[in-house]
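Read the figures in this text as sums done on the coordinates, not as results from a lab. Here the structure is a predicted model, which is why all the values come from computation and not from measurement. Note that we place each Cβ from the backbone using ideal geometry, even for glycine, and neighbour counts take in every protein chain shown.
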Amino acid sequence: MKKNKIILILAVIISSIFLFNCEDRNDLTAPGEVSTGTADFSRFVSIGNSLTAGYQSSALYEDAQNYSYGKMIADQIGTSYEQPIVSNPGIGGRIEISTLVPFVTSTQPVAAGLPTNTGYAGIYNNLGIPGILLADVLLTNASPSQFVGTNPLIDVVLRGQGKTVLESTLADVPTFASVWIGNNDILGYATSGGLLPHTPTETFGQLYGQLIGALAQAGIKGVVANIPNVKDVPFFTTVGPSVGAGIQAVQSVNPAVQGLVYQMSDAPFIGVATVDDLLTNKVFITLKASGAAALLGDVSGAYYTSNGIDVPAGVDVAQPFGLTPQNPFPNSFVLDPAEQLVVETVTASFNASIAGASTAFGFTLIDINEFFSEISANGIVENGLTFTTEYIFGGLFSLDGVHPTSQGYAVIANKFIEGINSSYQAEIPQINVSTIPGSLDLAKTALSRENGIPSFEAGTFDGYLF
């Protein structure tokens with residue numbers, strides 16, 4: 001009877017939240033003649049990964065690509081900017097909302113969209129490739145990559161021309177470049193709960209110096225952006241407090257429950273996250289864990305059977321899932337304090353390398369790390385709209401919890417414009433963020449903080465995350 005009460009309480013309380021995005025497009029107002037100061041944007045190229053590509057809600061698709069930060073900067077200046085457009089609903093497995101009440105999401109097929117302008121004769125202005133590492137920019141010219149494996153988006157962008165991103169850039173002779181790369185070199189470690197390796201910091205520093213040095217040697221001016229801290233990304237900060245609230249309710253029925261019991265990679269191999277650890281995000285539970293979190297306390301083995309996973313040796317599914325050492329919560333969904341320290345240390349090292357290279361080669365540094373920290377702490381208001389890093393209600397992040405919304409990319413583009421204007425004596429106008437499609441007006445929908453707890457579909461985050 002006590003087990004049944006635990007399961008019932010958790011089924012009602014455990015939740016994750018999702019942010020919606022409108023997909024209708026508002027064209028930006030064409031600017032008049034704009035002064036770019038000492039910067040020449042006649043041929044503007046952007047190098048990066050998914051954050052440069054305009055990836056949203058786990059997919060690359062046209063309605064989102066139209067609001068990549070590079071495209072919006074180019075629109076403000078009035079310069080051409082060609083992208084490797086993918087038809088809706090895109091490639092990667094786009095997350096969509098199925099119902100508002102209960103709040104349920106679904107995922108489009110991974111290859112539901114197709115490239116639409118592969119015949120473009122030149123090099124794309126947007127060379128952001130979702131899923132790649134820094135090393136891929138210098139060394140990968142086709143899928144599969146020796147660093148990240150099979151990734152069809154590499155071929156969508158590079159189109160079998162036999163050139164890497166760096167070689168394509170240099171061959172195109174751009175006059176200005178933006179570089180935002182390196183997130184995936186640590187993000188894969190973080191999103192996997194510490195199970196996937198990160199790029200060694202020394203290797204990262206060497207490769208980043210080679211990249212920016214090659215651009216500078218070719219006479220290209222530009223800006224570089226650094227890497228945000230995962231503590232400011234809702235993929236890591238949303239589910240834990242909900243789990244903590246659920247376990248707190250369970251403890252009122254069964255005080256013997258200590259907290260979330262989870263697997264660890266190293267001895268003692270079993271960890272316990274207390275209610276306080278979860279409520280304060282001392283221990284991160286990733287958004288990818290949302291389906292598993294809904295099964296906390298289950299004694300039927302549903303987590304394994306519903307996902308087609310063999311029950312690991314030593315696991316007793318007759319014990320409450322995630323609440324006992326005999327049936328612990330999966331390691332891949334948990335970023336514990338020791339792993340968070342690794343992420344923070346590596347991110348700080350990567351950002352020091354980015355700052356060093358920007359100074360050495362005369363590129364302007366856009367401090368996205370500090371910018372996101374400020375938004376996380378205090379929010380930001382642009383054109384009358386308030387943005388925070390909160391899931392659903394914050395307006396900054398899309399349904400995957402890692403990538404911005406269209407309005408979020410506009411906020412980022414304005415940060416780039418601010419840096420360009422300051423360093424190059426330019427007068428590029430800021431984007432009016434209120435003209436960009438964003439999240440629904442939640443106050444007018446059936447979904448609110450007060451009207452109940454969203455539910456969700458397991459397997460939502462199986463597409464390309466980065």
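A few points about this structure:
- Degrees separating the helix 337-361 axis from the principal Cα axis of the chain, which is the longest one: 0
- Crossing angle, helix 406-424 versus the chain [Cα axis fit, 0-90 degrees, rounded to tens]: 40
- The C-alpha atoms of the chain define a longest principal axis, and helix 239-253 lies at about 10 degrees to it.
- Packing-based exposure ordering (other Cβ within 10 Å, fewest first) of Ile247, Ile285, Ile85: Ile85, Ile247, Ile285
- Extension reserve of the Thr280-Ala256 stretch, reckoned as 0.36 nm per residue once the Cα distance is removed: 6.5 nm
- Once the Cβ-Cβ distance of Gln326 and Leu139 is raised to the sixth power relative to R0 = 60 Å, the FRET efficiency obtained is 0.85.
- By the count of neighbouring beta-carbon atoms within 10 Å, fewest first, Asp266, Asp185 end up ordered Asp266, Asp185.
- Considering only Ala289, Gln76, Gly362, the residue lying farthest towards the positive end of the dipole of the chain is Ala289, judged by Cα position with unit charges set on Cβ.
- Its residue count N fixes a reference of 2.2 N^0.38 Å for segment 309-365, and the Cα radius of gyration divided by that reference is 2.00.
- Protection proxy ranking, highest mean first, for peptides 155-164, 312-321: 155-164, 312-321, where packing is the per-residue count of other beta-carbon atoms within 10 Å, averaged.
- Multiplying the residue separation of Glu374 and Glu427 by 0.36 nm and subtracting their alpha-carbon distance yields 16.6 nm.
- Positive end of the dipole of the chain (Cβ unit charges, origin at the Cα centre): among Pro241, Leu114, Pro328, the Cα lying farthest that way belongs to Pro328.
- Counted by neighbouring Cβ atoms within 10 Å, the residues Ser406, Ser58 run from fewest to most as Ser406, Ser58.
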